Amino acid sequence: MTVKLSKNQKDIVKIVKGMDKAEYISAGHRACQGCGEVLAIRLMCKALGKDTVISNPTGCMEVISAIYPTTAWNLPWIHVGFPNAGSVGSGVEAGLKALRRKGKIADRRVKTVCFAGDGGTVDIGFQALSGAMERGHDMIYVCLDNEAYMNTGIQRSGATPFMASATTAPAGSAIPGNRTWKKNMAEIMVGHNLPYVATCCPSYPEDMMNKIRKAREVVGPSYIHCLAVCPTGWRSTSETCIELGRVAHETGFFPLYEVENGVYRITVDIPEKRTPMDEYLKVQGRFRHLTPEQRAIIQNRVDVEFNKLMNKVNHSVPWV
Amino acid sequence: MSKRVGMEVTTACAEAAALCRIDVASVYPITPQSHIAEHLSSIVADGRIDAEYLTVESEHSALSAAMGASATGARTFTATASQGLIFMQEVMPITSSLRLPVVMAIANRAVSGPINIWNDHSDIMHTRDCGWISIFAQNGQEVVDMTIQAFKIAEHRDVLLPININLDGFQLSHMVEPVEMPDQEEVDRFLPEYKPYATLHPDRPITMGALGMPDMFAEAMMAKNSAIVNSKKVILDVWKEWKKLFGRKYEPIESYKTEGAKVLLVTMGSMGETAEIAVDEMREKGVPVGLLKIKLWRPFPFDELKKAIKGASVLAVTDRAVSFGGPGGPLFSEIRSALYDDPARPAVVNYIIGLGGRDVSVKDFIDMGKRALKAESKRPKEAYELFGVRAS
């Protein structure tokens, strides 16, 4: 019997066939069901390959992967503290560079990669990240953004969406949840003049892995911002992890794009008529309290942000 | 052949680190350490050593990056002072837990509130229990020697711990002093290439910095404590070897004119040399006063202390930091507690001096010595005293 595959399914088969069969983060880790973050890491590591060293600050991925005496990592991996993925990564890169130049380790390129959560990136690790990017280390910094301090109980971060309910920004009768708009990290990283900046989501594995491969090729710093659906913190059902990531893109709330030497490009088609934000907000418990008027405010702001991005997509020119 | 040169002590410290063929320096400038950061960067800029110099954006990142580099197997150096050290403190216990032999020079400076850039020991005392080996220098020569020795001690397989070398800010760091600077060949003979135990490299992937649950955390602390306690043997061996090669002797506690002394002044850091002059003057007048200079602060030399105080009836311990609301200065508390079980324990009095760069003169030490003599028959009411502080 032959099974007829849709184009989407054929694409997935193609990706799976070309994938590195090695598992760099193994099964048995302690992530929640339906965790978008660990799924992203697994696929990203396959795109990175063996010659990788990981700097991982405190956060979900550290806690679920390396509880002594066990480890899920088949790559060299270091965790030091919460605010210093960027600076520890800087040192790793500098150490490898010096030792390679002096002939003390094998003469081949090993890429330094930071995997940090949104708290470790947009809040407490922001300065270390900025310094690392400014210094131009040969390093990929990946922010796995699940939009709050999920590891410690869903406290808000600078990446928490506007009016989402978090445990330190709860939806109360006077204040409807988080009072700030999500910090635009990708744009801040473009402001650091990085040769490559991209957003991604494990709901689009091929796009995500291609971006990681591209970033790996860059000799110098690059930044990837990955939306990682968190059923635990978003109060969504675990089987909707992939679907939610897709809706985030299709609404234009978290559009998938890349900025290569200053040129902006949308990498996954967005429908002409974008999906209304209601479809994204209504299926997540953290937005359950919102009134139609409040949802309209969010919709308006998403439209503004999306138009700002599209202006850059339509008008940016290469630096060189 | 060593060469006798006149040089600012910070410059000498940077030169010593360069002689150790460091692979990575990760330094954020702060007064009074800045000349170390500056001079080291010029050594790298002139291509005199093959090293990566990281212009980090904070002390937190300076030590974090130093740890990342050390984890790859690179010989790594950093330096700081005061607020910078306290900013690093979040990562300092992790450096020792990950057993990374980072060497750090600290140009000791007061801790802010009110802000003050001058010397005392409140910075290092804040970070006392981070599991670092901690050594105090009293002059430029000791800074050079101890910086080179530090790599050999830290990188020893039985140690693998970070070390800080303390040099008093300004009062030592900014002095131009004559130092015997060893040459490259001598240092190479003393300090071989670093052979790390475990490194971050894909050829042998390892996990560094895993989470410790309650069922093993205490064991990890015990392992770290054993490591630092046992490091004393290596420190003594390295100092013995140094004496053989360079002729300069180092001891955990240096005794000066202690024979027949009733009172022993106790100092740590550069004030030891001022105290020496005071002891000379008092001895000339027949006042039975001697001096102990503590070089090794962590691991604390308990046995050496018990031996060094034999025969004395009063210890006048000087501290350059306040333990607010505590039992007295940190060095005093340590010494008094170390001697509690000694049946022949002397009286221990505590003078807290030289805070935030306040000058301490020979006369001050003579006064302290005389007052301590009186404590032989009549103990002071208060355990400690902020010496020479205006009452209002």
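Taken together, the values in this text are just the output of simple stated rules run on the coordinates, not laboratory data. Bear in mind that the values here come from a model prediction, so they are computed numbers and not experimental data. Because the Cβ atoms are built from the backbone with ideal geometry, glycine has one as well, and the counts that use them run over all protein chains shown.
What is the mean number of Cβ atoms from other protein chains located within 10 Å of the Cβ atom of each residue in peptide B:49-59, rounded to a whole number?
5
If I take the Cα coordinates of segment A:65-107 and project them onto the principal axes, what are the three extents in Å, biggest first?
35, 24, 11
Could you give the semi-axes, largest first, of the ellipsoid that matches chain A, computed as the square roots of 5 times the alpha carbon gyration tensor eigenvalues and rounded to whole Å?
For chain A, the semi-axes come out at 30, 22, 22 Å.
Just the ratio, please: alpha-carbon radius of gyration of segment B:157-196 over 2.2 N^0.38 Å, N its number of residues.
1.64
Normalised radius of gyration for segment A:1-112, please: alpha carbon Rg relative to 2.2 N^0.38 Å, two decimal places.
So segment A:1-112 has a normalised radius of gyration of 1.31.
Sticking with the crude label model, points 7 Å out along Cα→Cβ, report the distance from A:Ala174 to B:Lys3 in nm, one decimal please.
Between A:Ala174 and B:Lys3, the label points sit 7.2 nm apart.
Could you work out the pair-distance distribution P(r) of segment A:173-317 from its alpha-carbon pairs, with 5 angstrom bin width and percents rounded to whole numbers?
Once binned at 5 Å, the Cα pair distances of segment A:173-317 give 2, 9, 18, 21, 20, 15, 9, 5, 1, 0, 0.
Under the definition of partner shielding as Cβ atoms of other protein chains within 10 Å of a residue Cβ, what is the mean value for peptide B:89-99?
The shielding value for this peptide is 2.
Per-residue counts of other Cβ atoms within 10 Å, averaged by peptide: what ranking do you get for B:267-276, B:372-381, A:158-167, highest first?
Highest mean packing first, the order is B:267-276, A:158-167, B:372-381.
In peptide A:98-108, what is the residue-averaged number of other protein chain Cβ atoms found within 10 Å of each Cβ?
Averaged over the peptide's residues, the number is 5.
How do A:91-103, B:339-351 rank on mean C-beta neighbours within 10 Å, highest first?
A:91-103, B:339-351
Sticking with the crude label model, points 7 Å out along Cα→Cβ, report the distance from A:Ala106 to B:Asp341 in nm, one decimal please.
5.2 nm
Using 0.36 nm times the number of residues separating A:Ser316 and A:Ala22, minus their current alpha carbon distance, what extension gain do you get?
102.0 nm
What's the ranking of A:285-292, A:253-260 by average number of surrounding C-beta atoms within 10 Å, highest first?
Peptide ranking by packing, descending: A:253-260, A:285-292.
Among rounded, prolate and oblate, which fits segment A:235-320 when a ≥ b ≥ c are the square roots of the eigenvalues of its C-alpha gyration tensor, a/c under 1.5 means rounded, and a/b larger than b/c means prolate?
prolate
Identify the chymotrypsin sites (Phe, Trp or Tyr not before Pro) of segment B:182-274 meeting these criteria: DSSP loop state and at most 10 other C-beta atoms within 10 Å of the C-beta.
Passing both the DSSP loop test and the Cβ count: B:Tyr197.
What is the distance, in nm, between label points placed 7 Å from the Cα along the Cα-to-Cβ direction at B:Glu284 and at A:Ile242?
Here the answer is 9.0 nm between the modelled labels.
Within segment A:177-198, which residues have the backbone N less than 18 Å from the label spot 7 Å out from A:Lys282 along Cα→beta-carbon, could you tell me?
Answer for this model: none.
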